[in-house]
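Notes for the one structure printed next.
The values are calculated or read from the model by the stated rules, or taken from the named source; none is laboratory data. Note that this is a predicted model, so its numbers are computed, not measured. Quick reminder, even Gly has a Cβ in these numbers, built from the backbone with ideal geometry, and neighbours come from all protein chains shown. Calculation scope for accessible area: heavy atoms of the full protein, side chains included, ligands and nucleic acids excluded. Shrake-Rupley method; radii C 1.70, N 1.55, O 1.52, S 1.80 Å.
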Amino acid sequence: MGIILFLLSSAGVYFYRDYAIRYQLLDIPNERSMHQTTIPRGAGIVFVLLWSFSLLFLKLQHYLSLQDLLLLLPAGCLVSILGFVDDRDSLSAVKRLIIQCVVAGLFIAILGHCSALRLWGDTPVYLGLLAPAM
């Protein structure tokens, strides 16, 4: 499965690059940039889609419970959507921080009802200190 995900992510980034260039989703370097030339931005959406489809696939194959799917999928997608919107519209640091804190709070609230994840069939992965006392 790892090779398939690698190939899909490579193809996805390749096609996204053309999309980003066509619609001017470009990061122009400034004094804070780590790059020297204009580059496409927002390709992280490819990995979010692959992450989401992978979770759905694992659920359909009964390697992931519905509870675990509902725990892992929304928080990651919300933060990823925030990153994509930030890439596109350059949100302020304060807006990003507030939204990330809200998402983290929601994730922690959901996590409070879960002491273990079942990622590989029936084998539980205990969360230990990450799971608040019930």
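With every protein chain left in place, what is the accessible area of H62 in Å² (1.4 Å probe, nearest 10)?
150
So, R0 is 30 Å and r is the distance between the beta-carbons of I3 and R88; what FRET efficiency does that work out to, to 0.05?
0.45
Karplus couplings for region 74-84 from phi (6.51 cos²θ - 1.76 cosθ + 1.60, θ = phi - 60°), rounded to Hz, Gly and Pro as x?
Residue by residue, region 74-84 yields x, 4, x, 5, 4, 5, 5, 4, 4, x, 5 Hz.
Taking 30 Å as R0, compute the FRET efficiency from the Cβ-Cβ separation of I98 and L50 and round it to 0.05.
My answer for the efficiency is 0.60.
For region 19-29, take each phi angle, set θ = phi - 60°, evaluate the Karplus expression 6.51 cos²θ - 1.76 cosθ + 1.60, and give the result in whole Hz per residue in order, putting x for glycine and proline.
My calculation for region 19-29 gives 4, 5, 5, 4, 9, 6, 8, 10, 9, 8, x Hz in order.
With a ≥ b ≥ c the root eigenvalues of the C-alpha gyration tensor of region 1-41, is it rounded (a/c under 1.5), prolate (a/b larger than b/c) or oblate?
It is oblate, given that a/c is not under 1.5 and a/b is not larger than b/c.
List every residue whose amide H lies under 5 Å from the amide H of L26, counting only residues 5 or more places away in sequence or on a different chain, with H placed 1.01 Å from N in the peptide plane.
Under 5 Å from the amide H of L26: R41.
Sort I99, I3 by accessible area with a 1.4 Å probe, largest first.
Largest to smallest exposure gives the sequence I3, I99.
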